[in-house]
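Structure, as structure tokens:
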Amino acid sequence: MKLTCFARPPKFRNRLVMVIIGVMLQGFGLSLLIKLNLGTDPCSCLTQGVIRYVPISFGTAQLLCHLVTFLFVIRFDMSLIGFGTIGNMVFLGYIADFWGWVWDRTAPEGFFQQTGVRYGLLVPVLIVFILGASTYMTAGLGTSPYDGLPFIISNHVRKLSFKAVRMIWDISFMVVGFLLGGDVGIVTVAVAFFLGPVITWVGTKLKRFIS
């Protein structure tokens, strides 16, 4: 059977560039969120909980967690799979690992533990992370399994909007991540409650590049 999910849509080059830029921005922002220790997005929070019990890197744990949810996406909606799926699922965690390695070797000792640095960088880094997530998803070349399942759920549960489903989804991962010992903080709460609405808003602004 031909995988039409990898067919080239209109303005494919623009979309592919958006995927690459979006995943790179998201991974860069994620590496800094981890260093700031004020919480991460709910999916990464769960991943951080996993690596407390399994001796593997953050990137590898992120990939394995995505592979589990990937099975459900394959089962219910193959149309959500594309270059964006592979880019986010495979590379996001490793990009964060790479930049984390860079910060470990270039930032002065204790730099990210300073209160002024942590809270001064918080909003800009969070904006970069959310902008990256919104950019790669708006490209329409597939989403990560974690981001794709809320779309599947909202299509089956008609009484709830995508925004509501996304919030419930993120909050559920946040709770499980917390129970496993993941990094829960102001960022986790902010992303859990606001990422869905921001994705919708930013998506409308970026669609002019692909329409």
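The values are calculated or read from the model by the stated rules, or taken from the named source; none is laboratory data. As the structure is a prediction and not an experimental result, all values here were calculated from the model. Cβ: placed from backbone, ideal geometry, glycine included. Neighbour counts: every protein chain shown.
For the reader, a short list of remarks on this structure follows.
- Checklist (1) loosely packed, with under 15 Cβ neighbours inside 10 Å; (2) part of a loop (DSSP other than H, G, I, E, B) applied to D183, failing item: (1)
- The sole residue among I130, I199, I168, I210 that is modelled with pLDDT under 90 and under 15 Å from G39 (Cα atoms) is I130.
- Residue within region 92-111 that is in a helix (DSSP H, G or I), modelled with pLDDT of 90 or more and farther than 22 Å from Q48 by Cα present: yes
- Within the option set V102, V68, being over 24 Å from H156 (Cα atoms) and more than 12 Å from the chain's Cα centre (by Cα) holds for one residue only, V102.
- Residues (touching a Leu at 6+ places or on another chain (Cβ under 7 Å), aliphatic (A, V, I, L, M) and under 14 Å from I20 (Cβ atoms)) located in region 66-91: V90
- Condition met for D77 (touching a residue at least 24 places away in the same chain (Cβ under 8 Å) and acidic (D, E)): yes
- Some residue of region 88-107 being closer than 24 Å to I171 by Cα, touching a residue at least 24 places away in the same chain (Cβ under 8 Å) and among the charged types (D, E, K, R): no
- Check on M167, without any contact (Cβ under 8 Å) to a residue 60 or more places away in the chain, in a helix (DSSP H, G or I) and over 20 Å from S79 (Cα atoms): yes
- Checking region 5-25 against the condition returns no match, with no residue being within 11 Å of the chain's Cα centre (by Cα) and among the charged types (D, E, K, R).
- Pair list, Cβ under 8 Å, 6 or more apart: region 45-56 residue within 20 Å of V189 (Cβ to Cβ), other residue in a loop (DSSP other than H, G, I, E, B) and hydrophobic (A, V, I, L, M, F, W, C): C45/V184
Every residue, every condition in (1) surrounded by fewer than 17 Cβ atoms within 10 Å (Cβ to Cβ); (2) of a type in the set (S, T, Y); (3) touching a strand residue (DSSP E or B) at 6+ places or on another chain (Cβ under 8 Å), yes or no:
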position: G82; (1), (2), (3): no, no, no
position: G100; (1), (2), (3): no, no, no
position: Q114; (1), (2), (3): yes, no, no
position: P124; (1), (2), (3): yes, no, no
position: G140; (1), (2), (3): no, no, no
position: S172; (1), (2), (3): yes, yes, no
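- One residue stands out in region 24-61 among those that are assigned to a helix (DSSP H, G or I) and of a type in the set (S, T, N, Q): the one that is surrounded by the fewest Cβ atoms within 10 Å (Cβ to Cβ), namely T60.
- Under the condition of being over 14 Å from the mean Cα position of the chain (by Cα) and at negative phi, the residues counted in region 117-164 number 24.
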